[in-house]
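Trainee: Got a structure here, written out as structure tokens. Questions coming.
The values are calculated or read from the model by the stated rules, or taken from the named source; none is laboratory data. The structure presented is a predicted model; accordingly, all values stated were derived computationally and were not measured. Heads up, the Cβs are rebuilt from the backbone with ideal geometry, glycines too, and the neighbour counts pull from every protein chain shown.
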Amino acid sequence: MKRFLQYIGLALVALVALVLAACGQSTSDETQTIKVATSPGPYSILFMEEVAPRLEEQGYTVEEIQFSELRQAMIAVEEGEADINVDGNRLNTESYNDTLGASFEQIVRIPTVPAAIYPGQKDSLDDVEEGDTIAIGNGTVSMMRGLLLMQDLGWITLNPDVEPAKVTADDIEENHVDIEIVEMQGAAIPPAIQDVSYALVAGSIAYDAGMDLDSRLVTEQPIEGLLLEAITTADKMDQDWVEDIKAIYQSDDFNQAVLDRNEEIGTEFWIIPEENQ
């Protein structure tokens with residue numbers, strides 16, 4: 001009887017060990033798969049072509065979940081359907097945290113394609129005159145970017161008491177060249193560019209539309225909140241893959257790959273955050 005009980009005890013120990021091993025394997029498998037919520041634009045492409053292969057070399061499996069727009073991708077991350085998104089900036093993140101009650105946190109700032117003013121009916125900024133028009137995306141962030149760039153050009157003066165990240169058309173104190181702002185959906189600007197004198201086009205939209213980057217008349221110097229970032233939810237920030245992704249974006253090898261892409265394009269398409277260099 002005593003020996004029988006010993007056998008039972010050993011069997012139970014072995015069973016517990018198997019269960020724990022299985023649980024450990026399951027957890028390991030789960031943490032090895034990174035689900036990326038992507039939306040159209042160069043940032044998801046850069047992640048899948050440059051970051052994902054480097055993660056796979058470290059033993060991760062990268063699964064891409066495609067969405068047609070950024071909002072859908074962000075919601076997927078918030079609801080746990082995906083782990084990470086790389087298509088938004090700090091202003092986007094703060095907005096979604098407020099409107100969705102989300103808990104997005106920044107993993108790392110990433111290479112960013114700046115917005116620029118492109119020629120429409122006019123191909124020189126020096127030719128601007130009263131009655132000219134400039135197309136700007138109808139989103140809050142797009143309008144802010146356009147206004148700041150127009151102020152840099154000396155076309156308008158904005159209320160100095162308003163934070164740059166919060167300026168709107170209502171904050172224009174002086175319109176020195178009497179240019180008219182034409183608001184439209186961002187993606188609709190490239191096809192309609194010949195209907196206006198000039199157009200402010202976001203980098204991702206210019207990329208998707210296949211616009212000639214050499215035709216840019218002036219490029220913005222993005223303010224702090226406009227640099228793109230990789231984000232996840234607060235509950236995942238302590239996972240190993242978060243630090244591994246950050247390390248890749250800040251590695252010399254990755255930065256060189258981005259610089260090589262700029263060289264292939266023939267212009268500074270990507271801006272690398274200073275802290276990543």
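Trainee: Restricting to the range 49-104, name every residue that is modelled with pLDDT under 95, surrounded by fewer than 18 Cβ atoms within 10 Å (Cβ to Cβ) and charged (D, E, K, R).
Mentor: Across the range 49-104, the qualifying residues are GLU69, ARG71, GLU94, ASP98.
Trainee: Here is a list of conditions, (1) in the same structural domain as PHE254 (by TED's automatic domain parsing); (2) free of Cβ contacts under 8 Å to residues at least 24 places away in the same chain, and ASP127 meets all of them except one; can you say which number that is?
Mentor: Of (1) in the same structural domain as PHE254 (by TED's automatic domain parsing); (2) free of Cβ contacts under 8 Å to residues at least 24 places away in the same chain, only one is false for ASP127: (1).
Trainee: Separate question: Take GLU229 and tell me if it is more than 30 Å from GLY80 (Cβ to Cβ) and either among the β-branched types (Val, Ile, Thr) or assigned to a strand (DSSP E or B) (or both).
Mentor: It is false that GLU229 is more than 30 Å from GLY80 (Cβ to Cβ) and either among the β-branched types (Val, Ile, Thr) or assigned to a strand (DSSP E or B) (or both).
Trainee: Would you please list the contacts, defined by Cβ atoms under 7 Å and residues six or more apart or on different chains, that run from a residue in the range 248-277 that is free of Cβ contacts under 8 Å to residues at least 24 places away in the same chain and outside the structural domain of LEU213 (by TED's automatic domain parsing) to a residue that is in a loop (DSSP other than H, G, I, E, B) and acidic (Asp, Glu)?
Mentor: Short answer, once both residue conditions are applied: ASN262/GLU268.
Trainee: Can you confirm whether the range 72-79 contains a residue that is free of Cβ contacts under 8 Å to residues at least 60 places away in the same chain, closer than 28 Å to VAL258 by Cα and polar (S, T, N, Q)?
Mentor: yes
Trainee: Now for a different question. From the set of residues in the range 135-151 that are under 20 Å from the mean Cα position of the chain (by Cα) and over 16 Å from GLN221 (Cβ atoms), which is surrounded by the most Cβ atoms within 10 Å (Cβ to Cβ)?
Mentor: Looking at residues that are under 20 Å from the mean Cα position of the chain (by Cα) and over 16 Å from GLN221 (Cβ atoms), I get ILE136.
Trainee: Here's something else I'd like to know. Which one is surrounded by the most Cβ atoms within 10 Å (Cβ to Cβ) among residues in the range 159-189 that are of a type outside the set (D, E, K, R), free of Cβ contacts under 8 Å to residues at least 40 places away in the same chain and over 14 Å from LEU147 (Cβ atoms)?
Mentor: Looking at the filtered set, the residue picked out is ALA187.
Trainee: Hey, another quick one. Can you work out which of the residues in the range 179-214 that are touching an Asp or Glu at 6+ places or on another chain (Cβ under 8 Å) and part of a helix (DSSP H, G or I) is nearest to VAL113 (Cα to Cα)?
Mentor: The residue in question is SER204.
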